[in-house]
Amino acid sequence: MQGPSKAKLEKILGELERASEFDGLQGVSEKLRDHFQIDHLVYHWVSSSGEQYGFGTYSVDWQQRYIEKDYLRVDPVIQGCFQRFNPVDWKRLDWTGKAARSFQAEALEYGVGNQGYSVPIRGPNGQFALFTVSHHCDDETWAAFTEKNRRDLILIAHFFNHAALQLEPGRAPEPAQTLSPREVDAMTFLAKGYSRAQVADTLSISEHTLRVYIESARFKLGAVNTTQTVARALSRGLIVV
Amino acid sequence: MLRFIYANDLGVFPKLADTMFRDRAAQFRERLGWDVTVDTQGHERDEYDNENPLYVIWQNADGGHGGSFRLLPTTGPTMVNDHFTHLMNGRRVESPLIWECTRFCLEKGSGPRVAAALMLGGGGIMERFEIEHFIGVFDAPMTRIYSRIGSAPTVLGAVGQGRAKTSVGLWSFSNDARARVARSAGLSPALIRLWLDRCFGREIQARKSA
């Protein structure tokens, strides 16, 4: 179990961005699981009326069982993450109730794993979704994995959500993102090979402020780092060098 | 001590919640003269308190509120994107790594120690949840308060002059700054971690079901 190399992760996330249908997202979640060398990786959207939508690597049997038994009402991960926005290690959730304990035993039987880390996502119009990775291992190994990868996991969670929102016409997709003039300026100078300090100086802004422009552009373009953000801005014709 | 409480868990701490919303009325309506809504209970609340924000609160020894601020992710509804984009040339700030920080409030008489503790709480949140920045709207009188606790934000945009100046600011928290503030607050990083563990663990759920 480990974190994938940055280059491989970027390649997979490129596929995620191009995924134009459900099957594509399913395929990307399987590849990401293999890269992280963990048992499971799952995206799960829950509407306020309890309607569910998702994809990922849990077995079809477990997915059916979950829906059939209405485990949304019992699952401590849902209960502990709903309406929240901080990522959580499953160990920090409350598994002490009788229903939760038997749910946990069954989840183990179906191969979900004894460890999990979930990222709640708050989207537009009160949208709620959950991105989860799970695995079989000891506490120490899992803590090291999440500590090392949590930033990427948070970003991947939001990329999946972004893709899912765009695939579901009924779920109020966000308008297509374009870069603001300041973001275009920042990206253009970075593409020219300026350092951050030089870009900040050229635009007469602090490096702090520059970081926000870069961060915002990075998120809009679904990129994992500055280099990829610049590459995507270039390939989409958003900036010209 | 510091507490980190989502709005839907405030019921577990009735005194703390009541005094926090009263202190907000005292600070924002009475002292700063903002046009805010205060309900019949004397509580200052706005629409973002209904978005289940996360409150970072200093709780005094008597169980009441000593100071607080409010956090919301910028991927959902936020004050800065809903009402203040004109301060930033129409730009929205949306990122899983940036949270909005609003309603920074101190109980009348709370000293810089409480402000510093709150700042450490914010730093602890940033570290634990990979948050790179807090963004927030503030007005001129707050500038002095932020400077005094060594937490002056980078200003991304502003309108108005003098006391009426309203700005959008951006905070980050380097390790150096953290160590400095920890010393002035007299709180060790280990203690902050303990408080975070407590609030993002099972305690609240146990109290709720008790």
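What follows is calculated from the coordinates using simple rules that are stated; it is not laboratory data. The structure displayed is predicted, hence computed values, not measured ones. All Cβ positions, glycine included, derive from the backbone under ideal geometry; neighbour counts span all protein chains shown.
Report, in debye and to the nearest 20, how large the dipole of region A:1-124 comes out about its Cα centre when Lys and Arg carry +1 and Asp and Glu carry -1 on their Cβ.
Using Cβ point charges on Lys, Arg, Asp and Glu, region A:1-124 gives about 480 debye.
With N residues in the protein assembly as shown, what two-decimal value do you get for its Cα radius of gyration over 2.2 N^0.38 Å?
Compared with the compact-globule rule of thumb, the protein assembly as shown sits at 0.99.
Can you give the log10 of the normalised intensity I(q)/I(0) at q = 0.14, 0.16, 0.18 Å⁻¹, computed with Debye over equal Cα scatterers of region B:2-201?
-0.79, -1.08, -1.42
Whole-Å semi-axes of region A:43-87's equivalent ellipsoid, largest first, each the root of 5 times a Cα gyration tensor eigenvalue?
With the √(5λ) rule applied to region A:43-87, the semi-axes are 18, 12, 11 Å.
List, in the order given, every pair from A:LYS6/A:LYS220; A:LYS8/A:LYS220; B:LYS15/B:LYS108; A:LYS8/A:LYS69 whose Cα-Cα distance in the structure shown is over 26 Å.
A:LYS8/A:LYS69, as the Cα separations exceed 26 Å there.
Sort A:HIS208, B:HIS133 so the one with the fewest other Cβ atoms within 10 Å of its own Cβ comes first.
Fewest to most other Cβ atoms nearby, the residues stand as A:HIS208, B:HIS133.
Would you calculate, for chain B, the mean residue ellipticity at 222 nm contributed by helices, counting each DSSP H stretch of 4 or more residues as -39,500 (n - 2.57) and dividing by all residues, to the nearest 500?
Rounded to the nearest 500, the figure is -10000 deg cm²/dmol.
Compute the angle between helix A:226-235 and the longest alpha-carbon principal axis of chain A, please, reported from 0 to 90 degrees and rounded to the nearest 10.
That works out to roughly 70 degrees.
Can you sort B:TRP171, A:TRP95 by how many other beta carbons sit within 10 Å, fewest first?
A:TRP95, B:TRP171
Kindly express, to the nearest 10 degrees and within the range 0 to 90, the angle between helix A:139-167's C-alpha long axis and the longest C-alpha principal axis of chain A.
The angle comes out at about 70 degrees.
Using only Cα atoms, find the angle between the long axis of helix A:22-36 and the longest principal axis of chain A, and express it within 0 to 90 degrees, rounded to the nearest 10.
90
Eigenvalues of the Cα gyration tensor times 5, then square-rooted: what semi-axes does that give for chain A, in whole angstrom, largest first?
Each semi-axis is the square root of five times an eigenvalue, giving 36, 19, 16 Å.
Count the DSSP beta bridges whose two residues both fall in the protein assembly as shown, then state the antiparallel fraction as a percent rounded to the nearest 5.
95
What order do you get for B:ILE98, A:ILE67, A:ILE121 when you list them from fewest to most C-beta neighbours inside 10 Å?
A:ILE67, B:ILE98, A:ILE121
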